[in-house]
């Protein structure tokens, strides 16, 4: 039962990430060139989907391990929180790079 809820939640987060990426791409299409908007939307959407999948898989494995061996829960919990931070940090770095290309795109202006 828990795995089904985790699986459903993971797919909802992935769909939400792709919807947000499409909305951002449509918004950026009015500001920058169309190709840059598509690339930025893909950058954020794929990064968000990867982070959602990574967090979902890691947390489901943690819950499985905690159910099998409850005495290891305390030692695994710190590692899970550290890895959650690293997974989210990689997405936030990708988001920062995408916003850099959206608002201060060095490739949109010709070289002088």
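Nothing in this text is a laboratory measurement; each read-out follows from the coordinates by a stated rule. Because the structure is a prediction, the values reported are computed rather than measured. Because the Cβ atoms are built from the backbone with ideal geometry, glycine has one as well, and the counts that use them run over all protein chains shown.
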- With a 10 Å radius around each residue's Cβ, average the other Cβ atoms per peptide and rank 80-91, 37-48, highest first. 37-48, 80-91
- Hey, any idea what Rg/Rh is for segment 7-102, computing Rh the Kirkwood way over Cα pairs? 1.13
